[in-house]
Amino acid sequence: MTENLLETDIQITDCVPELTPYAGLVPFLKMCRAIGLHDIINQNIRLREKKGYKDSDHLFSLIAMQPVEGSTIDDLAVFKEKFNTTALHFFDVPSPSATREYLSRFHNSEEETKQKRTGLRGVQHILPGV
């Protein structure tokens with residue numbers, strides 16, 4: 001009877017296991033892929049049409065990092081190391097420097113200056129009494 005306790009059945013496969021300490025991340029990413037969210041992002045944002053990382057790579061890296069306790073762009077390096085999204089065929093995780101450069105394209109100096117001048121006055125239309 002005690003002999004059976006020491007036996008272990010090990011199966012070797014060629015596929016990457018979908019085990020992760022990040023609970024719902026794999027099902028979430030599968031859902032995004034199933035509904036074609038990657039293509040929708042790439043077709044509509046179009047900041048990255050040349051070779052290299054796609055718009056969806058940058059955005060999904062930032063989105064997927066949130067539930068796994070990522071708090072800064074530098075955490076992308078740790079996320080890439082711990083959760084191999086490329087092997088699971090979801091997206092490539094860009095470097096922190098590439099992500100900073102990508103996000104800088106969304107900066108609008110004119111709008112920033114406008115916001116500094118008006119302060120919270122624009123919010124008063126939405127939230128009376130502010």
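Per-structure values
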quantity	calculated
Extension gain from Lys82 to Glu101, taking 0.36 nm per residue of separation minus the Cα-Cα distance	4.5 nm
Cβ crowding within 10 Å averaged over residues, with 72-83, 102-113 ranked highest first	72-83, 102-113
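Computed from the coordinates by the stated procedures, all read-outs in this text should not be read as laboratory data. Bear in mind that the values here come from a model prediction, so they are computed numbers and not experimental data. Heads up, the Cβs are rebuilt from the backbone with ideal geometry, glycines too, and the neighbour counts pull from every protein chain shown.
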